[in-house]
Amino acid sequence: GAGVSQSPSNKVTEKGKDVELRCDPISGHTALYWYRQSLGQGLEFLIYFQGNSAPDKSGLPSDRFSAERTGGSVSTLTIQRTQQEDSAVYLCASSLGGGRVEQYFGPGTRLTVT
Amino acid sequence: AQKVTQAQTEISVVEKEDVTLDCVYETRDTTYYLFWYKQPPSGELVFLIRRNSFDEQNEISGRYSWNFQKSTSSFNFTITASQVVDSAVYFCALSEAVNNAGNMLTFGGGTRLMVKP
């Protein structure tokens, strides 16, 4: 079946602009995760959704970051007033939930802030 | 707090050699999960294996094998008869019991494996 998809695959934006990243999880997966991968910080967790709910948003790096999930499926990660330190690969993953905790990752969105 | 350490940042071997990637973890939970992921040059993280904390059986899948030892908090990954296609960055990860962060993964820093022909 189809895996996790993310769009766009690459995004170049000017400092100060807003960007929206999209994630389509595997069909039927109730849990969805966002991570960020950068050279300096490695792979870091950002936020988790169970269904449409994100119980804890403290992993988001700043209040310029927000995320939502609708219909228990698609999720968007929005970064407002982008800064150069936001440049990274943003990865989305989903898992079936219940006892099936392994996460399957999408190809990522490479964000470059100039 | 949970932590994963992969002390080997880069390993270079010649094809057909065996290679072991080390992973040491820290957690206060008694129930947790350990994972290995492969990130080839294309960039996508590929799930390889999951182990539960209560199951210390080693596992073999083809040329891949995993050695889980709770006594040393280690979860090492061995590739036998390495091939050029095994060249990638390998990440070990830990997930504690479900909480407000779900089963969030804490990753090690990764080990870059280069297999030369």
In segment A:20-41, which residue that is surrounded by fewer than 17 Cβ atoms within 10 Å (Cβ to Cβ) and assigned to a strand (DSSP E or B) is nearest to the other protein chains (Cβ to nearest Cβ)?
-> A:Ser38
Restricting attention to segment B:30-67, the residues that are in contact (Cβ under 8 Å) with a residue 12 or more places away in the chain, over 16 Å from B:Leu113 (Cβ atoms) and away from chain A (no Cβ under 13 Å) number exactly 3
A:Tyr48 vs. criteria more than 19 Å from B:Asn100 (Cα to Cα) and part of a strand (DSSP E or B) = no
Which of the residues spanning segment A:96-113 are facing chain B (nearest Cβ under 7 Å) and within 22 Å of B:Leu34 (Cβ to Cβ)?
-> A:Val101, A:Glu102, A:Gln103, A:Tyr104, A:Phe105
Answer residue from segment A:51-84, given it is assigned to a loop (DSSP other than H, G, I, E, B) and aliphatic (A, V, I, L, M) and is nearest to the other protein chains (Cβ to nearest Cβ) among those = A:Ala54
Only one residue in B:Gln83, B:Gln2, B:Gln6 is in contact (Cβ under 8 Å) with a residue 60 or more places away in the chain and away from chain A (no Cβ under 14 Å). Which one?
-> B:Gln83
How many residues are at positive phi and touching a Lys or Arg at 6+ places or on another chain (Cβ under 6 Å) when one looks only at segment A:1-53?
-> 1
When only residues in segment B:89-117 that are in contact (Cβ under 8 Å) with a residue 24 or more places away in the chain and of a type in the set (A, V, I, L, M) count, which is farthest from the other protein chains (Cβ to nearest Cβ)?
-> B:Val115
Among B:Ser61, B:Ser74, B:Ser87, which is the only one that is on the phi < 0 side of the Ramachandran plot, modelled with pLDDT under 95 and within 15 Å of the chain's Cα centre (by Cα)?
-> B:Ser61
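The values are calculated or read from the model by the stated rules, or taken from the named source; none is laboratory data. A quick note: this is a predicted structure, and the numbers were derived from the prediction, not measured. Don't worry about glycine lacking a Cβ; one is built from the backbone with ideal geometry, like all the others, and counts go over all protein chains shown.
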